[in-house]
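Trainee: Dumping the structure here so I can ask a few things about it.
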Amino acid sequence: MKLPALLRRTWPLMLALSMFAIGLDPARAADPPAPVKLEGLRQGTPLNQDNPPANHRQERDHPVGDRDFVQMPPLIPHTISGYQITKNFNKCMDCHAWQKTKESGATKISVTHFKTRDGVELDTVSPRRYFCTQCHVPQSDAKPLVPNTYERAKGMK
Ligand code: HEC
Ligand code: HEC
């Protein structure tokens, strides 16, 4: 198909014009984008420095809470300040190990805590469940950092 002579001569200009119109100005493409002003939760504290800890208190011991979905790691209903978990010692297991719960009144860690990542069932807590506070957290009086619209799973309402 032959383009009309006028169109043939003017198409580069028209292409440049339309690129300009949709913001693809070839002359400007190389400019760095304007800096975006972001305010993180660190409030501008440099990454190699820490903000001072806020003065939050852990909730006092209270009865166990409801769970929001069946697979949820239950929240810790007691303070854990001073409870150490190191390579050689796990304070939580002083009360939550199966042999200890009769005396301590604590909930037994469930059978899922004895399974390794390869599916092998152990007779002591599995390494992948050893550091309890990876999943279980105590509660504090801290205000939420960001708004949250999370809702309890339907089956648990
Ligand atoms: C001095 C004993 C003791 C120690 C140490 C202890 N707990 Fe507990 N824990 C309890 C008792 C008692 C309960 C409450 C059981 C109840 O009220 O039914 C409990 C409840 C819990 C629950 C709630 C269980 C549920 O069904 O909702 C979690 C989770 C928990 N503890 C985690 C931990 C973790 C993690 C640590 C270590 C950082 C820890 N506990 C250390 C005694 C202890
Ligand atoms: C990788 C995450 C993870 C780690 C680490 C972990 N848990 Fe759990 N825990 C869970 C989940 C998920 C549940 C609920 C479902 C289940 O039982 O597996 C649970 C349930 C529990 C329960 C309630 C059991 C029941 O019968 O209702 C207790 C008590 C508990 N964990 C204590 C501990 C203690 C103590 C440790 C450390 C020795 C620990 N957990 C480490 C994820 C974890």
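Read the figures in this text as sums done on the coordinates, not as results from a lab. Keep in mind that this is a model prediction, so the values were computed, not measured. Every residue, glycine among them, receives a Cβ derived from its backbone with ideal geometry; neighbour counts consider all protein chains shown.
Trainee: Mind listing the long-range amide H neighbours of Thr79? Cut-off is under 5 Å, sequence gap 5 or more, other chains count too, H placed in the peptide plane at 1.01 Å from N.
Mentor: Placed amide hydrogens put Asp61 under 5 Å from Thr79.
Trainee: Something else about it: In nm, give the distance between the simple-model label positions of Val146 and Thr124, each being 7 Å from the Cα along the Cα-to-Cβ direction.
Mentor: Each label point lies 7 Å from its Cα, and together they span 4.0 nm.
Trainee: Just check the stretch 91-145 against the gyration tensor rule for me: Cα atoms, a ≥ b ≥ c as the square roots of the eigenvalues, rounded for a/c under 1.5, and otherwise prolate or oblate depending on whether a/b exceeds b/c. It would help to have the intermediate numbers written out before the result.
Mentor: Numbers: a/c = 3.19, a/b = 1.37, b/c = 2.32.
Oblate.
Trainee: Out of residues 5 or more away from Lys115 or on other chains, whose amide H comes under 5 Å of its own, with H placed 1.01 Å from N in the peptide plane?
Mentor: Leu122, Ser126
Trainee: At a Förster radius of 41 Å, what calculated FRET efficiency corresponds to the Cβ-Cβ distance of Thr116 and Ala34, to the nearest 0.05? Before the final figure, lay out the partial values.
Mentor: On the way: r = 51 Å, r/R0 = 1.25.
So, using R0 = 41 Å, E works out to roughly 0.20.
Trainee: Then there's this: With each label point set 7 Å from Cα along the Cα-Cβ vector, what nm distance links Thr133 and Thr107?
Mentor: 1.9 nm
Trainee: From the Cα trace of the stretch 42-157, what convex hull volume per residue do you get, rounded to a whole Å³?
Mentor: Numbers: hull volume 21.5 nm³, N = 116.
Expressed per residue, the convex hull around the Cα atoms of the stretch 42-157 is 185 Å³.
Trainee: Per-residue HN-Hα couplings for the stretch 136-144, Karplus 6.51 cos²θ - 1.76 cosθ + 1.60 at θ = phi - 60°, whole Hz, x for Gly and Pro?
Mentor: Running phi through 6.51 cos²θ - 1.76 cosθ + 1.60 with θ = phi - 60° gives 9, 10, x, 9, 9, 8, 5, 7, x Hz.
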